Structures are given as C-alpha cells and as structure tokens.
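To start, the structure itself, in structure tokens.
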Amino acid sequence: MYDEQQRPDHGPLAGFTVGVTAARRADELGALLQRRGAAVLHAPALRIVPLSDDSELLAATKQVIDQAPDVVVATTAIGFRGWVEAADGWGLGEDLLNRLRGVELLARGPKVKGAVRAAGLTEEWSPSSESMAEVLDRLLEEGVEGRRVAVQLHGEPLPGFVEALRAAGAEVLGIPVYRWLPPEDIGPVDRMLDATVSRGLDALTFTSAPAAASLLSRAEDRGLLPELLAALNHDVLPACVGPVTALPLQARGVDTVSPERFRLGPLVQLLCQELPARARSLPIAGHRVEIRGHAVLVDGELKPVPPAGMSLLRALSRRPGWVVPRSDLLRALPGAGKDEHAVETAMARLRTALGAPKLIQTVVKRGYRLALDPAADAKYSDT
C-alpha cells in the first residue's frame, strides 16, 4: 500500500512545465523554478530598448533639466538607477542630479529610496507600503493644480495615476525608462503560444503588463486568441507577479493568481502551492497516483511519462474505474490517425514508464480502465 507520509525526494514543481515570458530577470526566474523541479519554457514576449539608444528618454531628460518640474516621482529602483546612468553616458549626469536636488522627490518604496540615496540625493517622502495609490493620495492632498510632475515610468502602465493628476490640474511629464518593443525573433513566442493552446504548459508566468499585452496581441495576430483565452481560463494557470501585471489578462476575462508580495520568490512559492493542488490524485491498485503535467508521482516517486502516455492517462483519469474504449483513447492520442494499434503501443510504454503494470487493467474487447481501489469506487462511480 502507498505511504501517505512518504517524503518525496523531488521538488514541489517536479513534473510540471512552466512558461516564462519575462525579458528582464528571466534567468533568475527560470533558475528558481528549475531548482524546485519544474521544466521551464522561456520565450521573451518583449525586448527592452537600450537606454543609451533611447531618444525619447534623452528628450525627456533634457526637458527635466531645462524646465524644472515641481515634483519627481521615482517608481522603481532599477529604473531610477538606469535613468541616472544613461544621463551620465550622455554627459548630462551632473546636470540631472543638480536639477533633482532642487525638486520635491518622492520614492515609491524602500528599494527606490535606496537607489535615490545611492545617487547622492534625498527623497522628501516614501510610503512604506510601496503603493502608487498612497503616492497619489499624498500628491492630491498637497494639491497639484498648476504644478509640473515628472513620473519615472518603467514600462508598466500606471492605471489612473497620470489621469488623476491631470484631472486635478497637474502638467505630467512621463520619463520613459525601459521602453518595450516586440521581440526581434518571434519564433520562441509562437512556440510558447502553441504549447499553451495545446496544454503543453501547466502555468504561464508574467512579470510585466507589457509582456502580457504583447503575448495577447501576437495570439490575436495568429488567430489564436480564443484558444489562448480558453487555455488560460481552464487548464494553464496564469501567474502574475502583481495586480498591475495582470491587468491586460483581466481585461480579456482571464482570472489570474498573484502573490501577496510582488516579487519573483513569492511568485515561485505561489506556483509551488497552486500547481500540486491542481494535480489529480487517485488511489489505484494499492498505490497513490498523482497525475502532473509531464510526469506522474507513484507513491511519491517521480515517473516521467511520454506525451502520448500522458494523454492516455488523462483520458482514463477523467472516469477513474470505468472502462474507456480503445476508440476514445485513440482520439485522445495526438496525431494518432485511425489505427487502434497506436493505443496498444502507447499503453505499453505508459505501463513501463509507471513501473507498476497493475495500475491499468486491460478489459478484453472493450478497452482499458484504471484499477481504482475498491474503497474509492463509490466515490468516483458517478463522476
């Protein structure tokens, strides 16, 4: 019999495949996922315009230097550092810092405050919550009518922030640090889309709203948007680093999950909880069998299974204990054609991969069934 207390020697994400759409910090996210056992498919949905080549950022920097704003809002540490470094490269670094010393400088959170101080500047105020809503509340309470407010952007939309300031009478200048463009090689993105709609992924991660918007746009261009939305709503878990990142997906009716702390580590920990909880676990022939994305846990031991075998196992698990005809299993096999011998071949390989032949019973002239334990028959007989 299976041991409920058996400790697995694999990571919590073993047997799952996770897609990574990030351009920046993709290696870090991929390493965190792989360390916990996941297979990772990476396709950057964007590329970042190098700061030194960004004419829009150069123009905005000159505008700040030439016409001092009343308030500057620094939103991200890496964005603020990148802005100062780019200005240095253009020979404008000292001019920019001198200008920023004479304005009301607000930092969105502790990390941004650290970047501001590392540049030799002092912020006037910073919310401990890291919330742009709190920054907005402070500005509106102060009153912004007739004031010039420069906002350091970071490729992310700031929903309602700029609009609220303008509605209150402010002149708002966006500092476009790190602008996003579509990737030069669209091939990896297309492979990611194909893997998502074919359910070859168990989860798809997003660390920026532009990446989510870019993937949706590419799916629409290819005529795959309905299939992508269906996959994300039913089978592939869309995991976003925070609520702002989730906005393009939510606008299309996709429910997403996000960690309470908007960081990569908590995002990975969330996947470690969500994906195993979504896996089908069944008592079969005296064993505990957990069906994951591209592998199966048999009594806590990880068993990699070929794609055809996983297709058969999922078809059998939809009606555990019931006989599934060969014709139904043939339809479940990707690209199998009309020869039912393909089912027998794939079934033999599946049994070998599972290492426990009695898990799946052959019912002569009818098909196959999972050997559900007798005590569980009543529970699953009407499913």
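Tell me whether region 25-35 contains one or more residues that are assigned to a helix (DSSP H, G or I), without any contact (Cβ under 8 Å) to a residue 12 or more places away in the chain and over 31 Å from the mean Cα position of the chain (by Cα).
First, the residues of region 25-35 that are assigned to a helix (DSSP H, G or I): 26-35.
Now drop any that are not without any contact (Cβ under 8 Å) to a residue 12 or more places away in the chain, which leaves 27, 31, 34.
Narrowing the set further to residues that are over 31 Å from the mean Cα position of the chain (by Cα) leaves none.
Looking through region 25-35, none of the residues is assigned to a helix (DSSP H, G or I), without any contact (Cβ under 8 Å) to a residue 12 or more places away in the chain and over 31 Å from the mean Cα position of the chain (by Cα).
Residue-wise test of (1) open to solvent by less than 40 Å² (accessible area, probe 1.4 Å); (2) touching a residue at least 12 places away in the same chain (Cβ under 8 Å).
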{"position": "266", "(1), (2)": "yes, no"}
{"position": "269", "(1), (2)": "no, no"}
{"position": "275", "(1), (2)": "yes, yes"}
{"position": "279", "(1), (2)": "yes, yes"}
{"position": "286", "(1), (2)": "yes, yes"}
{"position": "299", "(1), (2)": "yes, yes"}
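Could you list all residues from region 84-98 that are farther than 14 Å from residue 74 by Cα and either surrounded by 15 or more Cβ atoms within 10 Å (Cβ to Cβ) or within 37 Å of the chain's Cα centre (by Cα) (or both)?
85, 86, 87, 88, 89, 90, 92, 93, 95, listed by residue number.
Quick check on residue 247: is it of a type outside the set (Val, Ile, Thr), open to solvent by less than 30 Å² (accessible area, probe 1.4 Å) and over 22 Å from residue 33 (Cα atoms)?
So residue 247 fails the test.
For region 209-244, name all the residues that are open to solvent by 60 Å² or more (accessible area, probe 1.4 Å), part of a helix (DSSP H, G or I) and out of contact with any helix residue (DSSP H, G or I) (no Cβ under 7 Å at 6 or more places or on another chain).
Correct list: 220, 221, 226, 233, 234, 243.
Could you please let me know if residue 247 is hydrophobic (A, V, I, L, M, F, W, C) and modelled with pLDDT of 95 or more?
It is false that residue 247 is hydrophobic (A, V, I, L, M, F, W, C) and modelled with pLDDT of 95 or more.
Hey, can you tell me all the residues within region 135-184 that are open to solvent by 60 Å² or more (accessible area, probe 1.4 Å) and at positive phi?
146
Among helices (runs of 4 or more DSSP H) lying entirely in region 68-173, which contain 1 or more residues that are among the hydrophobic types (A, V, I, L, M, F, W, C), touching a residue at least 60 places away in the same chain (Cβ under 8 Å) and farther than 26 Å from residue 53 by Cα?
132-142
Given 332, 356, which one is touching a Ser or Thr at 6+ places or on another chain (Cβ under 8 Å), modelled with pLDDT under 90, of a type in the set (A, V, I, L, M) and open to solvent by 10 Å² or more (accessible area, probe 1.4 Å)?
Working: 356 fails: touching a Ser or Thr at 6+ places or on another chain (Cβ under 8 Å).
Answer to the check: 332.
Name the residue, out of 297, 313, 271, that is assigned to a strand (DSSP E or B), out of contact with any Phe, Trp or Tyr (no Cβ under 6 Å at 6 or more places or on another chain) and closer than 27 Å to residue 34 by Cα. Break it down into steps so the answer makes sense when it comes.
Values: 313 fails: assigned to a strand (DSSP E or B); 271 fails: assigned to a strand (DSSP E or B).
Sole residue among the options that is assigned to a strand (DSSP E or B), out of contact with any Phe, Trp or Tyr (no Cβ under 6 Å at 6 or more places or on another chain) and closer than 27 Å to residue 34 by Cα: 297.
Looking at 201, 193, can you tell me which residue is outside any helix (DSSP H, G or I) and surrounded by 15 or more Cβ atoms within 10 Å (Cβ to Cβ)?
201
Can you pull out the residues in region 293-309 that are within 22 Å of residue 234 (Cβ to Cβ) and out of contact with any Leu (no Cβ under 8 Å at 6 or more places or on another chain)?
294, 307 - these are the residues of region 293-309 that are within 22 Å of residue 234 (Cβ to Cβ) and out of contact with any Leu (no Cβ under 8 Å at 6 or more places or on another chain).
The values are calculated or read from the model by the stated rules, or taken from the named source; none is laboratory data. This is a predicted model, so every value here is computed, not measured. Every residue, glycine as well, gets a Cβ built from its backbone with ideal geometry; the counts of neighbours run over all protein chains shown. Keep in mind that these areas ignore ligands, DNA and RNA; they rest on the heavy atoms of the full protein, side chains included. Shrake-Rupley method; radii C 1.70, N 1.55, O 1.52, S 1.80 Å.
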